[in-house]
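One structure below.
The values are calculated or read from the model by the stated rules, or taken from the named source; none is laboratory data. Keep in mind it's a predicted model, so treat the numbers as computed, not measured. Note that each Cβ is placed from the backbone with ideal geometry, even for glycine, and that neighbours are counted across all protein chains shown. Accessible surface areas use protein heavy atoms only, side chains included; no ligands, DNA or RNA. Shrake-Rupley method; radii C 1.70, N 1.55, O 1.52, S 1.80 Å.
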2 protein chains.
Amino acid sequence: MSKTKKIQLKDIAEEANVSTALVSYVLNGRHLNRIKKETADRIKEVAKRLNYRPNHFAKGLKTQKSNTIGLILADLDNPFSTQITRIIESELLSYKYNVLIGSTYEKEDKFKELIEVFINRQVDGLIILPTENSKIEIERLHSTNFPYVLMDRYFPNTSFNYIVNDNYFSTYSATKQLIKNNRKKIGFITLQSNLFHIIERKRGFIKACKEAEITTENMVKEIRLAHFDEDVAKEIDALRQEYTDLDAILFSTDRLTMYGLKYMIQHQLNITNNIEIMAVDEAKFYDIYSSPISYYKQPLEEMGQKAVQFLISKINENNSDIIQETVTGELVIK
Amino acid sequence: MSKTKKIQLKDIAEEANVSTALVSYVLNGRHLNRIKKETADRIKEVAKRLNYRPNHFAKGLKTQKSNTIGLILADLDNPFSTQITRIIESELLSYKYNVLIGSTYEKEDKFKELIEVFINRQVDGLIILPTENSKIEIERLHSTNFPYVLMDRYFPNTSFNYIVNDNYFSTYSATKQLIKNNRKKIGFITLQSNLFHIIERKRGFIKACKEAEITTENMVKEIRLAHFDEDVAKEIDALRQEYTDLDAILFSTDRLTMYGLKYMIQHQLNITNNIEIMAVDEAKFYDIYSSPISYYKQPLEEMGQKAVQFLISKINENNSDIIQETVTGELVIK
DNA sequence: TACCTTTGTTTAAACGATTAAATTAAATTG
DNA sequence: CAATTTAATTTAATCGTTTAAACAAAGGTA
């Protein structure tokens, strides 16, 4: 950052009267037992004084490592995504890794493109929250033996690496709680999606209802991603018409909850207050809704830590380990 | 991404029976008038067939360009930040640039670190939403002639490059609107900060009140960043005690609005509904508050586009242009 | 003293692209 | 048809590091 030309190894070498090799060794802490302490100290002093910063390109070209990992998010606009990002970022920092963040905004082609871009940029590994229909892309990635790990979303019956939440349990326990609160007509607003975590969330809801002998007929409403706003309103309308005694709604993602609450406000359903709201995933904005919202909270810190640890060890040890872990969160009852 | 070894220029050259130079020329579209069309076509075909991806390090080392710019956000958790990010990202994409995203979470030392990291990573330029007390860092950056532009926040009486919103006008017009709505006791919740855009917002509020001969005494409440939740509650409490006829609150950022609304809900002030809420900056969550919230909307697209355009031309033409632009947003009345 | 270790340092070849300059082949001209 | 121009391609240096291997000097040993 100094105004003068960029300092490079050569400059330090000249100033300290040694070869560039020695400078490199000292600055990277190699062969230290072989190098005279005075020389090493002198080199370090000069490097510091000249404010040396290694050229990332040259270093990367030679070592084939970037000390960077790529994080592919499904949708950066989602509060869930920024939470994950924050955790991954701080976790990676402790390993001296940097993060490249990308968001697919739930678009398949953007997903493919991001993997390309990141690999071209020579990231050392990838943490991926996959988009719908991205299985083929991930299969390809998997087969190249490139270090990666899926988070949040995954595909069943594969040998992919993943760390995910127990999605079945999330809605199962949330629904159980509603039932415990004496709710009998529970609507479930979820996404129209073949993403496995969404399928699992649906299964959890249905199972809990079945066990309590509560009807699920017409109770599950699936929202098209491309018509979010409109569909949420339409489907809640439908629920209310089919069941005038509707007494609870479970939303399967925080974004759905957002639009659901907006509907409730618009129709002033928040005032009568006889429809209990329950959500999957935490979000700050729940606090400004006029009645309390309970939710299922994923253990994000745990997931983030495990993902990063796995990835780093995979990168450094180049082993053939596979990780497939499902972690369990908890209900937060308001 | 193929399972076999990485394809490089040399491989294409061999396969196509030409030198690597020619391959490079063709793939980069140089000297095209000099190169036989058949040869060029053959090279392109081979490159495509072998799925060639240039090595980013080698390319960068030689060209001293990364085609990447760094985006330094003040706080990624802020909805405002993800909006900006989305706009910058898509705008840069059209110039074939990638974005490195970083968030300082409003910490000075993190800010300094991020600039270091990004410059070490050889980004070609920086878009910066600066943190408090970062003026010295930016001065240093500015003096190196490194391409950068500030957004959203800036420092007065400098020759820094910036594109910002008219912050004075934002609160001035918002306050005017409240007055027009017949509000007489207006509280202003803002940040305790020496960031110029915050100072300007305060000035705008006070000016509008003065013009309407409305008291501002004890009406401006400043929240400490480190005690957000607690301070917001405390200060609104104070306002209500000092003025039992408090009839409006203007929040100077979306995050403040978030906590303010939370307070309103907790104290059920949303029900009586006689305190009008007005905000600076747009946010989706306004929709789930039980009464409509008007707000001042910054022209983010315009700002993002201008910032990117300036930066790109600065990078490519290495000129000595300076940009200092203030753009004006509008009130969105609900 | 001659030889072997150990210590401390340097030499020089990579890494994979770009690009100015050189070279060769083909076309044009007088 | 030799000379010249133009077209097409190659050679080789370079970017700034890392690192195996070579080397030199000093110390130890028999």
Tally Lys/Arg at +1 and Asp/Glu at -1 over every other residue whose Cβ is under 14 Å from the Cβ of residue B:260; what's the total? -4
Out of residues 5 or more away from residue A:327 or on other chains, whose amide H comes under 5 Å of its own, with H placed 1.01 Å from N in the peptide plane? A:164, A:165, A:166
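Please report the carbon-and-sulfur percent of the accessible area for the protein assembly as shown; probe 1.4 Å, protein heavy atoms only, DNA, RNA and ligands left out. Let's see the in-between values first.
Working: 14290 of 30410 Å².
The value for the protein assembly as shown is 47 percent carbon and sulfur by accessible area.
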In nm, to one decimal, how far is the residue B:112 label point from the residue A:108 one, both placed 7 Å along Cα→Cβ? 4.9 nm
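Cα-Cα pairs above 12 Å in segment A:115-157: how many percent? It would help to have the intermediate numbers written out before the result.
Working: 556 of 903 pairs.
Cα-Cα pairs of segment A:115-157 separated by over 12 Å account for 62 percent.
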Using unit Cβ charges (K, R positive; D, E negative) and no other charged atoms, how large, in debye to the nearest 20, is the dipole of segment B:9-54 about its Cα centre? 200 debye
Nearest 100 Å², what total accessible surface is buried between chain A and chain B (probe 1.4 Å)? 5200 Å²
Cα gyration tensor of chain A diagonalised, 5x eigenvalues square-rooted, in angstrom largest first, produces semi-axes 51, 20, 17
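Per residue, how much accessible surface does the protein assembly as shown expose to a 1.4 Å probe? Answer in Å², no decimals. Before the final figure, lay out the partial values.
Numbers: 30410 Å² over 668 residues.
That works out to 46 Å² per residue.
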Positive end of the charge dipole of the protein assembly as shown (Lys, Arg +1 and Asp, Glu -1 on Cβ, about the Cα centre): tell me which of A:275, A:155, B:311 has its Cα farthest that way. B:311
log₁₀ of I(q)/I(0) at q = 0.05, 0.08, 0.10, 0.11 Å⁻¹ - the protein assembly as shown, Debye sum with one point per alpha carbon: -0.28, -0.72, -1.07, -1.23
Filtering chymotrypsin sites (Phe, Trp or Tyr not before Pro) in segment A:4-93 by DSSP loop and by at most 14 other Cβ atoms within 10 Å leaves none
Need the full-extension length gain, residue A:33 to residue A:20, defined as separation in residues times 0.36 nm minus the C-alpha distance. One decimal, nm. 2.9 nm
Length-normalised contact order of segment A:167-297, Cα under 8 Å, at least 6 apart, in percent, tallies to 28 percent
Put a dot 7 Å past each Cα toward the Cβ at residue A:230 and residue B:297; how far apart are the dots in nm? 2.0 nm
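Mind checking the dipole of chain B: about its Cα centre, +1 per Lys or Arg Cβ, -1 per Asp or Glu Cβ, Debye to the nearest 20? It would help to have the intermediate numbers written out before the result.
Numbers: 46 positive and 45 negative charges, 348 e Å.
In debye, rounded to 20, chain B gives about 1680.
Taking square-rooted eigenvalues a ≥ b ≥ c of the alpha carbon gyration tensor, is segment A:9-54 rounded, prolate or oblate, where a/c under 1.5 means rounded and, failing that, a/b exceeding b/c means prolate? Show your work: numbers first, answer last.
On the way: a/c = 1.58, a/b = 1.50, b/c = 1.05.
Note, shape of segment A:9-54 comes out prolate.
Restrict the search to segment B:80-113; then list the trypsin sites (Lys or Arg not before Pro) that DSSP places in a loop and that have at most 13 other Cβ atoms within 10 Å of their Cβ.
Values: sites: B:86, B:96, B:107, B:110, B:112; in loops: B:96, B:107.
Listed in order of number, the matching sites are B:96.
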Delta accessible area of at least 40 Å² on complex formation, residues of segment B:56-71, 1.4 Å probe, chain isolated as reference: B:56, B:57, B:61
Looking only at B:224, B:255, B:42, which one moves most when chain B is put into a Gaussian network model with springs between Cα atoms under 10 Å? B:42
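Using unit Cβ charges (K, R positive; D, E negative) and no other charged atoms, how large, in debye to the nearest 20, is the dipole of the protein assembly as shown about its Cα centre?
Details: 92 positive and 90 negative charges, 550 e Å.
It works out to roughly 2640 debye.
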Note every residue of segment A:1-49 with a reduction of at least 50 square angstrom in accessible area, all protein chains present versus the isolated chain, computed with a 1.4 Å probe, or write none. A:1
Furthest towards positive pole of dipole, A:87, A:182, A:76, structure part chain A, Cβ charges: A:87
Restricting the count to DSSP beta bridges whose residues both fall in the protein assembly as shown, what percent are antiparallel, rounded to a multiple of 5? 10 percent
Most mobile listed residue (A:85, A:253, A:158) in chain A, GNM with C-alpha springs under 10 Å: A:158
Dipole of segment B:9-54, positive direction: furthest Cα of B:27, B:9, B:46, with charges on the beta-carbon: B:27
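Over chain B, what is the mean sequence separation of C-alpha contacts under 8 Å (at least six apart), divided by residue count, expressed as relative contact order in percent? Working shown, then result.
Working: 530 pairs, mean separation 53.0, N = 334.
RCO, chain B: 16 percent.
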How tilted is helix A:79-93 with respect to the longest principal axis of chain A? Cα atoms for both, answer in degrees (0 to 90, nearest 10). 30 degrees
Residues of segment B:288-308 that become at least 30 Å² less accessible with every protein chain present than in their own chain isolated, using 1.4 Å: which are they? B:288, B:290
So what are the radius of gyration and Dmax for the Cα set of segment B:200-315, in Å? 16.7, 56
Report the gain in length on full extension from residue A:44 to residue A:332: 0.36 nm times residue separation, minus Cα-Cα distance, nm rounded to one decimal. 98.4 nm
Run the helix sum for the protein assembly as shown: -39,500 (n - 2.57) per DSSP H stretch of 4+ residues, divided by residue count, reported at 222 nm to the nearest 500 deg cm²/dmol. -14500 deg cm²/dmol
Build a GNM of chain A with springs between Cα atoms under 10 Å: which of A:248, A:307, A:40 gets the top mean-square fluctuation? A:40
